[in-house]
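These notes are about the structure you will find just below.
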Amino acid sequence: MSSQPKNNGRKSDGRFAPGNRLGGKTQGSRHHVTRAVEALLEGQHEALTRKAIEKALSGDSVALRLCLDRLAPPRKDAPIAMKLPKVESLDDAVQASSAVLIAVAAGEVTPDEGARIMALLTAHRAIMETAELERRITQLEEKT
């Protein structure tokens, strides 16, 4: 038995390690079933589209849904209408996050929407902090 751990390209938690070269699909490769289906449909896209439209127009609800989903896919999210103060300082970010919490508590926005807004505010706050630190470092460097 070797005292060295087995190098199978995986981390201790079982996931593949970065830069793993011990197998797996090459980037951009497709499953053999996908390639087979594409080969079967080669040159038939236009005919299939016409047939789906024809069935949809004749009242086939499944074909109609298929066509409409392609023309106007369902939205994954919607804009959130909420008044927030202008965020130009860290104090403004605190006030904005308080406004989000109040809106969630009042039921004006859902908790999920509130969490997404808070994530944006947190990212913006981090950017402002970084810019402030960079400004301070530049000032210190100019003094020396």
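Table for the structure above
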{"read-out": "Count - residues of the range 52-81 that are surrounded by 10 or more Cβ atoms within 10 Å (Cβ to Cβ) and polar (S, T, N, Q)", "value": "0"}
{"read-out": "Residue count, the range 40-51 (criterion: within 31 Å of the chain's Cα centre (by Cα) and either exposed (fewer than 10 other Cβ atoms within 10 Å of the Cβ) or under 15 Å from Arg70 (Cα atoms) (or both))", "value": "2"}
{"read-out": "Residue match in the range 21-32 (condition: exposed (fewer than 11 other Cβ atoms within 10 Å of the Cβ) and at pLDDT 85 or above)", "value": "yes"}
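The values are calculated or read from the model by the stated rules, or taken from the named source; none is laboratory data. Fair warning: this is a prediction, and the values are worked out from it, not measured in the lab. Neighbour counts are summed over all protein chains in view; Cβ atoms, including those assigned to glycine, are modelled from backbone coordinates with ideal geometry.
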